[in-house]
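The next block holds one structure in the form of structure tokens; read it before the comments.
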Amino acid sequence: PQIVHPLFVAREKSIQALKAAMGTDKKVILAAQKNHSEDDPRKDDLYTIGTVASVLQLMHVNDGTVKVLVEGVERVHIKQFHFDGEFFTADIAPMGSHVVEEKDTEILVRSLLSQFDQYVQLSKKISPEVLTSITSIDDPSRLVDTIATHMSLQLQEKQNILELANLKPRIEHLMSLIESEIDIFQVEKRIRGRVKKQMEKSQREYYLNEQVKAI
């Protein structure tokens, strides 16, 4: 939700759904597949928590695919899928969220940003500009979802975050994921350091052995 993202659409069913949406309110439901290798997913192959999104831009590509720019609107529970022979439609219900005390939210958000700052420094894959843009987001819910978008998480983990409509457990869950990733980065850093020292030691020993041979 509230994230703008480009998508390349190649499946005929999905292209037909986009065409239908462009002819009405330009709204689509984005739902992930449980198994990404399934090329023709059925109803049971899709998660029932998804995101309603607005199609901001649609462009046909020469190879027959469609490039769309979408903006997430809100989390929804998909109650029932329908298939009319051309594309899926669905009955949906918005996922409400519990209100968190402002003071509690402020403390959680501050802790989350501090953790994410450490994650950015260790990962080396996220530019400092991203951190700057994230810290300027006022809406805590959008902040959490934006951070999750920039993290290198497995699909199942991102789906878990999507399914947490309530803000407090979503922040706490994301913080636990960041903490785990930081632990991994630190272990990798220590391993790299030991390997580097061992290589330097081996190189010094080789150099000394060659000197002895020369003498």
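The values are calculated or read from the model by the stated rules, or taken from the named source; none is laboratory data. Please read all numbers here as calculations on a predicted model, not as lab measurements. All Cβ positions, even for glycine, are placed from backbone atoms using ideal geometry, and neighbour counts span all protein chains on display. What goes into the accessible areas is simple: the full protein's heavy atoms, side chains included, and nothing from ligands, DNA or RNA. Shrake-Rupley method; radii C 1.70, N 1.55, O 1.52, S 1.80 Å.
Amide H to amide H distances under 5 Å link residue 75 with 95, where only residues 5 or more positions off or on other chains count and H is placed in the peptide plane. Can you classify the stretch 96-155 as rounded, prolate or oblate using the Cα gyration tensor, where a ≥ b ≥ c are the square roots of its eigenvalues, rounded means a/c under 1.5, and otherwise it's prolate if a/b beats b/c and oblate if not? Here the stretch 96-155 falls in the prolate category. Given R0 = 35 Å, the distance between the Cβ atoms of residue 84 and residue 152 translates into a calculated FRET efficiency of 0.40. Is the chain best put as rounded, prolate or oblate by its Cα gyration tensor, with a ≥ b ≥ c the root eigenvalues, rounded for a/c under 1.5, and otherwise prolate when a/b is larger than b/c, oblate when not? Prolate, because a/c is 1.5 or more and a/b exceeds b/c. In the chain, Cα pairs under 8 Å separated by at least six residues give a relative contact order of 18 percent.
In this label model, residue 11 and residue 185 are separated by 3.4 nm, measuring between points 7 Å along each Cα→Cβ vector. Karplus-based coupling profile of the stretch 196-206, in residue order and whole Hz: 5, 5, 5, 5, 5, 5, 5, 5, 5, 5, 5, with θ = phi - 60° in 6.51 cos²θ - 1.76 cosθ + 1.60 and x standing for Gly or Pro. Full extension of the chain between residue 200 and residue 57 gives 46.1 nm of extra length, using 0.36 nm per residue less the Cα-Cα distance.
In the context of the full set of protein chains, residues of the chain present 65 Å² of accessible surface per residue (probe radius 1.4 Å, heavy atoms only). Scanning residues 5 or more positions from residue 49 or on other chains, those with amide H under 5 Å from its amide H are 78, with H placed 1.01 Å from N in the peptide plane. For the stretch 7-98, rounded, prolate or oblate, judged on the Cα gyration tensor with a ≥ b ≥ c (square roots of eigenvalues), a/c < 1.5 rounded, else prolate if a/b > b/c? It comes out oblate by the Cα gyration axes. Length gained on full extension, residue 139 to residue 102, computed as 0.36 nm times the residue gap minus the Cα-Cα distance: 12.2 nm. When the chain is treated as a GNM with alpha-carbon contacts under 10 Å, the residue of 146, 89, 24 showing the greatest mean-square fluctuation is 24.
Beyond 28 Å between alpha-carbons counts as too far, so tell me which of 34/168; 67/158; 26/168; 27/124 fall in that bin. In this structure, 26/168; 27/124 lie more than 28 Å apart at Cα. In a GNM of the chain with a 10 Å cut-off on Cα contacts, which of 13, 103, 67 has the highest mean-square fluctuation? Looking only at 13, 103, 67, the biggest GNM fluctuation is shown by 103. Roughly how many percent of the accessible protein surface of the chain is carbon and sulfur, given a 1.4 Å probe and a whole-percent answer? Carbon and sulfur together cover 52 percent of it. Under the convention that each Lys and Arg Cβ holds +1 and each Asp and Glu Cβ holds -1, the size of the dipole of the chain around its Cα centre is about 920 debye.
Potential lengthening of the chain between residue 124 and residue 44 amounts to 25.0 nm, from the contour at 0.36 nm per residue minus the alpha-carbon distance.
Label zone (residue 214, point 7 Å along Cα-to-C-beta; backbone nitrogen cut-off 15 Å) within the stretch 181-208: 204-208. Estimated from the Cβ-Cβ distance and a Förster radius of 30 angstrom, the FRET efficiency linking residue 69 and residue 91 is about 0.70. Working note: 222 nm ellipticity from helices only, DSSP H runs with n ≥ 4, each -39,500 (n - 2.57), summed and divided by the residues of the chain, gives -17000 deg cm²/dmol to the nearest 500. Each residue of the stretch 159-173 was assigned a 3J(HN,Hα) from its phi angle through the Karplus expression (A = 6.51, B = -1.76, C = 1.60, θ = phi - 60°), giving 5, 4, 5, 4, 6, 8, 6, 6, 5, 4, x, 5, 5, 4, 5 Hz with x at Gly and Pro. Quick check: net charge around residue 45, other residues with Cβ under 14 Å of its Cβ, Lys/Arg +1 and Asp/Glu -1? Every neighbour counted, the sum reads +1. Of all segments of the chain bounded by GluC sites (Glu not before Pro) found in a DSSP loop with no more than 15 other C-beta atoms within 10 Å, the longest spans 102-215.
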